[in-house]
1. Calculate the length of the line joining the C-alpha centroid of segment 144-158 to that of segment 179-203, in whole Å.
2. Projected onto the charge dipole of segment 317-469 (+1 at Lys/Arg Cβ, -1 at Asp/Glu Cβ, origin at the Cα centre), which of 412, 333, 432 gives the Cα projection farthest towards the positive end?
3. Can you tell me, using C-alpha contacts under 8 Å and at least 6 residues apart, the relative contact order of segment 158-265 as a whole percent?
4. Give me the distance in nm between label points sitting 7 Å out from Cα along the Cα-to-Cβ direction at residue 301 and residue 268, one decimal.
5. Round to a whole number: what % of the accessible area of segment 46-163 belongs to carbon and sulfur, probe 1.4 Å?
6. Step by step: find N for the chain, compute 2.2 N^0.38 Å, then divide the Cα radius of gyration by it. What's the final number?
7. Per 0.36 nm of contour for each residue apart, how much would the distance between residue 153 and residue 82 grow if the chain were fully extended, relative to their Cα-Cα spacing?
8. Could you check the spin-label model distance between residue 205 and residue 400? Points 7 Å from the Cα along Cα→Cβ, value in nm.
Amino acid sequence: MRYISTRGQAPALNFEDVLLAGLASDGGLYVPESLPRFTLEEIASWAGLPYHELAFRVMRPFVAGCIADADFRRILEETYGVFAHKAVAPLTQLGANEWVLELFQGPTLAFKDFALQLLGRLLDHVLTRRGERVVIMGATSGDTGSAAIEGCKACDNVDIFIMHPHNRVSEVQRRQMTTILGDNIHNIAIEGNFDDCQEMVKASFADQGFLKGTRLVAVNSINWARIMAQIVYYFHAALQLGAPHRSLAFSVPTGNFGDIFAGYLARNMGLPVNQLIVATNRNDILHRFMSGNRYDKDTLHPSLSPSMDIMVSSNFERLLFDLHGRNGAVVAALMDAFKATGRLSVEDDRWTEARRLFDSLAVDDETTCATIAGVHGETGYLLDPHTAIGVRAARECRRNPALPMVILGTAHPVKFPEAAEKAGIAAVPQLPAHLADLFQREERCSVLPNDLKAVQAFVSLHGNRGKPL
Ligand SMILES: *Cc1c(COP(=O)(O)O)cnc(C)c1O
């Protein structure tokens, strides 16, 4: 499989190079040159497969030529073996023909484990074979950091530096990062906000001299391997609910358009998906595009669902590419104009096509809490605020009540106790067994000023298993 850039100018790469690349050299994102397409008979024959084996069938075409079948199978078995639930991604029924797909049974209790547990192992495999070491730098407002550290902690060939805004992530989220100890794990609390952290990552990719030749790898959702891993659970959920003999709908809490883009790809690969719902919080740039053809940058609104607090959606460019007949020059022009003006609209026929593909809804904090309280009252089931947004959107946007509706459950409610409290729920949930002593564990973290040079000096001093590069 070869991968091409959404802006049409960068060289095509194979899977291994895409795994190690961040942005393409023309500023675009990598996408497969062509998607594999499965027949209904083939999909039907996968019913009942264990998660890791289904993952092998779905993802094999994407890694073909780079990862040998036997290695890939072993990696997938290990990856999904660390999840706490035997079904890996179990379904819980909420209402008539309505299910939550629980994607929070992994080590850090959020769906990002599905991709980052795999990414860490794939990196380890590829880097061992090449005899190479890399440095990862990432910025996090919470969930990505812990999932990335958990995914990479056992990689001998990786030093990972995760920056979070000092005193601006929840205590559970901070401890999930800082209590994972290892010579190759580096938590940095920046005296600034999340955007400052992200800017420093971007600037480091742009000017890598401080790394003295060591390669820098990205773990944010622009990394193709993350999208790829997320395609699998759409197939998994659908097969549990009678696909491909019947079609179904998904409602997806979305920020960077990564998770829902994976659902769009699953449909293009042959899964009968009748409806895909983009569910956002008040940071609703995607909903504004879907409902009014205005992809316009707004200010950031902090919400009760912080993992979806974004101003722009980095993976949206991948959809734009398809909407424009995969014409990289058109996408490059649109993105250049967006960079200059903060605004983007597409031609009417393209927008009509986007609306045919997706429905959308933006849900504010008040409605999020009302949904948490309502569902808890009806069923006793406690939703995290991100998943609650998905439930709300599912209920408002559903087109066909006769078809199963699956809401992606993106986080465990214990990670976001503030929302449960605001929803008036007294019994705050308990941490699962593997995290029960989280508040007693030793923490390791360095506080650094909001200063690029200081951060880069820190990385170059510790980037080789804690020793200088
Ligand atoms: C990251 C995250 C999201 C948003 O996912 P995208 O891929 O950015 O759309 C939603 N919910 C939770 C809990 C997350 O951690």
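1. After rounding, the separation between the Cα centres reads 13 Å.
2. After comparing all options, I get 333.
3. Values: 67 pairs, mean separation 24.4, N = 108.
Reported relative contact order: 23 percent.
4. The answer from the label model is 3.0 nm.
5. On the way: 1790 of 3630 Å².
Carbon with sulfur: 49 percent of the solvent-accessible area.
6. Working: Rg = 20.9 Å, N = 469, 2.2 N^0.38 = 22.8 Å.
Relative to the 2.2 N^0.38 Å estimate, the chain comes out at 0.92.
7. Full-extension gain reported as 24.2 nm.
8. Here the modelled spin labels are 3.9 nm apart.
The values are calculated or read from the model by the stated rules, or taken from the named source; none is laboratory data. Only a predicted model underlies this, so the values are computations on that prediction, with no experimental measurement involved. No Cβ is skipped: glycine too gets one built from the backbone with ideal geometry, and neighbour counts run over all protein chains shown. For the accessible areas, the whole protein counts, side chains as well, though only heavy atoms, and no ligand, DNA or RNA atoms are used. Shrake-Rupley method; radii C 1.70, N 1.55, O 1.52, S 1.80 Å.
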